[in-house]
């Protein structure tokens with residue numbers, strides 16, 4: 001083998017090594033980006049679930065308050081009807 005061919009093979013070998021290292025670096029960067037995207041997505045899902053639970057709690061509280069208001073209103077109407085009967089028993 002001539003020195004020139006040996007140098008060519010050595011140069012080619014270095015290019016292959018460099019290409020492999022570059023590919024490994026790109027793969028590592030892509031993996032890190034994917035992990036970061038996964039973490040962001042997981043955080044977004046957790047935040048959504050938290051907000052959903054808060055909304056459900058607020059809805060439940062509103063329903064309780066509405067029922068309480070309806071009972072109070074019904075009681076008020078019944079009391080008003082009783083008062084009107086006392087004032088005008090025939091009317």
Within the range 1-14, can one find any residue that is outside any helix (DSSP H, G or I) and at pLDDT below 90? yes
Between 32, 75, 27, which is surrounded by 10 or more Cβ atoms within 10 Å (Cβ to Cβ), in a helix (DSSP H, G or I) and modelled with pLDDT under 95? 75
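The values are calculated or read from the model by the stated rules, or taken from the named source; none is laboratory data. Note that the structure is predicted; figures quoted are calculated from it, not measured. Cβ sites come from the backbone with ideal geometry, for glycine too, and all protein chains shown count toward neighbours.
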